[in-house]
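Structure first, then comments.
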Amino acid sequence: MGKRSTAAVEQSIKWRIIEALDTGNGAGTVTLTRYALPNVREERLGHLTLDEQTALAVLVAHLRQRYGDDLLRVTLYGSKSRGDFDAESDLDVLVVVRAQDYWGCWREITDLTSQLLLETGVNISALVRDETRYQWWKTHHAPIYNSIRRDGVDLWTKHSELSSQFA
């Protein structure tokens, strides 16, 4: 199975975003561009391909739709956020959720990233953490927390709580 063209991927993803965001009247439209992640300055992700930017936008849209207020943060980190990646680099993404069933949440998110890999050819490695573990990282200055804080690009955050607690 070969990699699909960017136009085919965009069309497939466009329908998935509309399904995730549709309020029931079917009137919504989505334009897929590098600005699909509205809270991220263009220069922070300008080195990503359109397929990578689109896959990240779909991931965030699905996570927001599925987890609502329980989604706390989605952050791109690692070589793709720093710009020192190579041809084999994946997209490392931290997902912080408020979850009663952590392992169920982890399975759902890894299933979603696997589906995105099949549809787009973009490999997203999700590091899923609940808010308790994330707070532990912050309190204890865990190396992974320090690295993500230094180099990460927030794709989405829950502003009300994160601005003071998780920043």
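The values are calculated or read from the model by the stated rules, or taken from the named source; none is laboratory data. Computed from a prediction, not measured in an experiment: that's the story for all the values here. Note that we place each Cβ from the backbone using ideal geometry, even for glycine, and neighbour counts take in every protein chain shown.
Name, by its number, the condition in (1) at pLDDT 95 or above; (2) surrounded by 14 or more Cβ atoms within 10 Å (Cβ to Cβ) that does not hold for SER79.
The single condition SER79 does not satisfy is (1).
What are the pairs with Cβ atoms under 7 angstrom where one residue, in segment 83-96, is among the hydroxyl-bearing types (Ser, Thr, Tyr) and the other, located anywhere, is modelled with pLDDT under 95 and buried (at least 16 other Cβ atoms within 10 Å of the Cβ)? Sequence gap at least six, or different chains.
SER89/LYS80
Conditions tested, residue by residue: (1) modelled with pLDDT of 65 or more; (2) more than 22 Å from VAL128 (Cα to Cα); (3) surrounded by 13 or more Cβ atoms within 10 Å (Cβ to Cβ); (4) not polar (S, T, N, Q).
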site	(1), (2), (3), (4)
GLY24	no, yes, no, yes
PRO38	no, yes, no, yes
GLU42	no, yes, no, yes
VAL60	yes, no, yes, yes
LEU72	yes, no, yes, yes
ALA99	yes, no, yes, yes
ARG107	yes, no, no, yes
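Name every residue in segment 97-150 that is out of contact with any Ser or Thr (no Cβ under 8 Å at 6 or more places or on another chain) and closer than 13 Å to VAL74 by Cα, in order of residue number.
Hits for segment 97-150 are VAL97, ARG98, ILE109, LEU127, ARG129, ASP130, GLU131, TYR134, ARG149.
Scanning for something surrounded by fewer than 16 Cβ atoms within 10 Å (Cβ to Cβ), out of contact with any strand residue (DSSP E or B) (no Cβ under 9 Å at 6 or more places or on another chain) and either aliphatic (A, V, I, L, M) or at pLDDT 95 or above (or both), does segment 82-97 turn up at least one residue?
yes
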